[in-house]
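Data block below; observations after.
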Amino acid sequence: MSALVGFDLDRTVVYSAAALMLDGPDEDAPSLVVTEVYQGQPLSFMTRRAERALEALAETAVVVPVTTRTVAQFQRIRLPLPTTGWAVTTNGAVVLHDGVPDESWTATLREEVAATSAPLPEVEHRLATALPEGSVLRTRRAEDVFVYAIVERSELPDSAVEAFAAELAELGWRVSVQGRKLYAVPTPIRKERALAAVADRTGATRTIAAGDSLLDREMLAWADVAIRPAHGELHAVGWTAPNLVVTRAQGVLAGEELVGLAAAAAAEVPARA
């Protein structure tokens, strides 16, 4: 296989009930499959057609989930992919091969973060105190490499997010809002760096990437073919690039559409320059 396909997960391939965006009559809704169960309840979904298309794609290309989720959060996801293979979690801080983390990859990144970004406790404190009162419900560390907050969006205006992002940029950190989560991630921890390492190890000659958030931007720019859904942070800011394809659909139907677009792009497999 010479094509590698890197997919962001949440709001790209899998969708919570709140993110489905099924606005038509209920009787016209697509058949859905559960992709994640949390505390005994279904949490994330994809369409049945998307599941079948993703399974077929994995037979002809190296399919790599690339997510900001921690390893534990990623392990709740059930996709129709081989039990052996590659995955990128923790926004690129962890590379998994056959389910086992590459410790040398994470150690090297940690050294770079220590040299270029403010310490995590300082950013954690700012996240808990610098945003408008009532907007941050709770904060969590992600494997001691970045921090995120569960936020009340009605109490968090875009101007406050922009000001906070500018403040953290001076400290070597980036900010992204995805649904009710606000992420603060050290600048060196990026998805495309980890995905590029997987591409090198698998000998990929063509790369396709899909994602919807600001944390996916560099990954999409790096890939030979980039795909984003017609929703999410990147859509809201009108992000574009010469290699970009945007879905026509939104929500879970966009997830189905972009799997098909990725399969078509992977079938071309020209050699990389």
Where Arg110 falls short, out of the listed (1) of a type in the set (Lys, Arg); (2) farther than 30 Å from Arg174 by Cα; (3) out of contact with any strand residue (DSSP E or B) (no Cβ under 8 Å at 6 or more places or on another chain): (2)
Cross-chain or 6+ apart pairs with Cβ under 7 Å, region 68-81 first and farther than 23 Å from Pro186 by Cβ and touching a residue at least 12 places away in the same chain (Cβ under 8 Å), then open to solvent by 40 Å² or more (accessible area, probe 1.4 Å) and not β-branched (Val, Ile, Thr): Arg76/Tyr38; Pro80/Glu51; Pro80/Glu55
Subset of region 147-172 [crowded, with 17+ Cβ neighbours inside 10 Å and touching a strand residue (DSSP E or B) at 6+ places or on another chain (Cβ under 7 Å)]: Val147, Tyr148, Ala149, Val151, Val161, Phe164, Ala165, Leu168
Strands (runs of 3 or more DSSP E) wholly inside region 1-87 containing at least 1 residues that are in contact with a Phe, Trp or Tyr (Cβ under 9 Å, 6 or more places away or on another chain) and surrounded by fewer than 17 Cβ atoms within 10 Å (Cβ to Cβ): 32-38
Checklist (1) at pLDDT below 95; (2) open to solvent by less than 40 Å² (accessible area, probe 1.4 Å) applied to Pro229, failing item: (1)
Given (1) open to solvent by 40 Å² or more (accessible area, probe 1.4 Å); (2) outside any loop (DSSP other than H, G, I, E, B); (3) at positive phi, number of the condition Gly134 does not satisfy: (2)
Residues of region 178-190 classified as assigned to a loop (DSSP other than H, G, I, E, B), open to solvent by 20 Å² or more (accessible area, probe 1.4 Å) and within 13 Å of Leu215 (Cα to Cα), total: 2
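Of all the residues that make up region 88-111, how many are part of a loop (DSSP other than H, G, I, E, B) and open to solvent by 10 Å² or more (accessible area, probe 1.4 Å)? Give the steps one after another, and end with the answer.
Of all residues in region 88-111, those part of a loop (DSSP other than H, G, I, E, B) come to 93, 98-99, 102.
Those left that are additionally open to solvent by 10 Å² or more (accessible area, probe 1.4 Å): 98-99, 102.
Total satisfying the criteria: 3.
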Sole exception among (1) assigned to a strand (DSSP E or B); (2) open to solvent by 20 Å² or more (accessible area, probe 1.4 Å); (3) within 22 Å of Val88 (Cα to Cα) for Arg193, by number: (1)
Lys181 modelled with pLDDT under 95, within 27 Å of Arg138 (Cβ to Cβ) and out of contact with any Pro (no Cβ under 8 Å at 6 or more places or on another chain): yes
Among (1) of a type outside the set (D, E, K, R); (2) open to solvent by 10 Å² or more (accessible area, probe 1.4 Å); (3) not in a strand (DSSP E or B), the one test that Val175 misses: (3)
Count of residues meeting criterion [within 18 Å of Asn91 (Cβ to Cβ), modelled with pLDDT under 95 and touching a Leu at 6+ places or on another chain (Cβ under 9 Å)] in region 196-216: 2
Any pair with Cβ under 9 angstrom, 6 or more apart, that starts in region 239-265 at a residue that is more than 13 Å from Thr12 (Cβ to Cβ) and ends at one that is open to solvent by 30 Å² or more (accessible area, probe 1.4 Å) and basic (Lys, Arg): Trp239/Arg217; Ala241/Arg217; Gly260/Arg49
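The values are calculated or read from the model by the stated rules, or taken from the named source; none is laboratory data. What you are looking at is a predicted structure, and each value in this text was computed from that prediction instead of being measured. We place every Cβ from the backbone using ideal geometry, glycine too, and count neighbours over all the protein chains shown. Ligands, DNA and RNA are excluded from the accessible area calculation, which covers all protein heavy atoms including side chains. Shrake-Rupley method; radii C 1.70, N 1.55, O 1.52, S 1.80 Å.
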